[in-house]
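Derivation of every value follows stated rules applied to the coordinates shown; laboratory data play no part. Everything numeric here is computed off the predicted structure, so don't read it as measured data. Because the Cβ atoms are built from the backbone with ideal geometry, glycine has one as well, and the counts that use them run over all protein chains shown.
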Amino acid sequence: MISYNWQPAARTVSAISALGMQEYTVKTDFRREFILYCQQQELRNQSGDWDQLFLNYAQQRLQAPQATTAAATRSEAAIKPFSPDEVIGSSNIMSDDWQPSANMLEYIIAMVCPNLDYINAQLISFTSHYHGKSHPNWDQQFKKWINQGWNVYQNKNSFKESKNKDFVEQHTDTSWSDGL
């Protein structure tokens, strides 16, 4: 899987810039969008050439004619551009296939919960819980859902790990008198 700190090669950035995107945008926002897309789709690149996948993604996203490459793999051919507008759409009714926007997912991972497995599991619970209901901003609602659940999950784990005495043990401790 692609890592969050992956950076495209200079030649790839130049090639995408030639398609009409500013170099700064390619290195920042577009790179993050590509990384999140690959992780959401659980893409695995056997050859490790993320640059070629990134270039193909940019060509599809910018609707440029895609260069034909003999080494294109099946996963490269299956890439469709991710658009937050498609996810949010004009309907505010929750469906089973709802996904948070790429920006919100990136924010959640960076600021609320770094555990992607937990987020994916909660996404299923979230969409099931709110299925058929309407809300003006599902992204914000999902962020609150993850924040509340992650806080409880973290506290539950730390509570289990601590060696707390029960009430009676705490209040009947006579070890202070040992050796008197």
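Placing pseudo-labels 7 Å out from each Cα toward the beta carbon at Met21 and Tyr153 gives an inter-label distance of 3.0 nm. What is the local net charge at Met94, summed over the other residues whose Cβ is closer than 14 Å to its Cβ (Lys, Arg +1; Asp, Glu -1)? Around Met94, the charge tally is -2.
If R0 is 25 Å, the Cβ-Cβ spacing of Trp6 and Gln60 corresponds to a FRET efficiency of close to 0.85.
Volume of the convex hull of the range 1-63 (Cα atoms only), normalised per residue: 74 Å³.
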